[in-house]
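Take a look at the structure set out below.
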Amino acid sequence: MSNSSTGNVGIVIVSHSSKIAEGAADMVRQMVGNVVPLAWTGGDVDGGLGTNVAGIIEAIETAWSPAGVAILVDLGGAETNSEMAVEMMPEDRRARIVVCNAPVVEGAVIAATESSGGSSLAAVKRSAEEFYA
Amino acid sequence: MHDINASRAANAFAPLTASALLVNPVGLHARPSVKLTQRAKGFAAKIELALAADGPWTDAKSPVKVMRMKAPQGATVYFRVKGPDGEAALAAMLALVHDGFGEV
């Protein structure tokens, strides 16, 4: 987990593997820098492969920014658990959290690059999703 | 409305062009692409780049599009810049390429 407080869109990385999530976050930090709030979570509550809603909520809170938070996920459960985590956030924050339809590693780097330039949440999401366009 | 005004404003400036040789060993790969787009986003000017003097032109502020160019070491990168801070933007782009994105 890492964080920096700026007005830039926050990035949350959710993978079934904590190693993938942490590694993707390392890439973001090294390539994009520290001007973007960033948090990662991976693995189930027992430390195995999987995702857990509590971990995702914590990551969203860590990376929270008034500009919003973009979540990058890997496979199925990561997406459904992320959506569940968003549902459990305070109502005024929900509209400012999006799950991106993008590959987790590349999407995280691109979303963070876009965010580092001060782009809006919609622009950050659009840019990450260009990978599938 | 806002966008129309912005593009009218951009059209009031003549496009500036210049080219530079990619000297860093990996060319315009992931890390340099991120650096280039981050730098480009700091300017109001429309900034485009290409691997030939007549295009096709790629938006320098789009990291995905810049990476897709897959420009290798030794390639010449052409810039086309238009906007109020065009000169500074072009100088910044050329400096980045000349310096090998800090990788040489």
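Values for this structure:
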| read-out | value |
| --- | --- |
| Looking only at region A:91-121, and only at residues there that are touching a Gly at 6+ places or on another chain (Cβ under 9 Å) and small (Gly, Ala, Ser), the one that is surrounded by the fewest Cβ atoms within 10 Å (Cβ to Cβ) | A:ALA95 |
| Residue ranges of helices (runs of 4 or more DSSP H) in region A:52-133 with at least 3 members within 14 Å of chain B (Cβ to nearest Cβ) and polar (S, T, N, Q) | A:104-116 |
| The listed residue being surrounded by fewer than 21 Cβ atoms within 10 Å (Cβ to Cβ), outside any helix (DSSP H, G or I) and not small (Gly, Ala, Ser), out of A:ASP26, A:ASP46 | A:ASP46 |
| Condition met for A:VAL36 (at pLDDT 95 or above, among the β-branched types (Val, Ile, Thr) and out of contact with any Phe, Trp or Tyr (no Cβ under 6 Å at 6 or more places or on another chain)) | yes |
| Residue in region A:65-84 that is touching a helix residue (DSSP H, G or I) at 6+ places or on another chain (Cβ under 7 Å), buried (at least 20 other Cβ atoms within 10 Å of the Cβ) and on the phi > 0 side of the Ramachandran plot present | yes |
| Conditions (1) touching a Cys at 6+ places or on another chain (Cβ under 8 Å); (2) farther than 12 Å from A:ILE11 by Cβ; number of the one not met by A:GLY107 | (2) |
| Residue count for region A:8-50, restricted to those that are within 14 Å of chain B (Cβ to nearest Cβ) and in contact (Cβ under 8 Å) with a residue 12 or more places away in the chain | 13 |
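The values are calculated or read from the model by the stated rules, or taken from the named source; none is laboratory data. These numbers were taken from a predicted model, which means no experiment stands behind them. All Cβ positions, glycine included, derive from the backbone under ideal geometry; neighbour counts span all protein chains shown.
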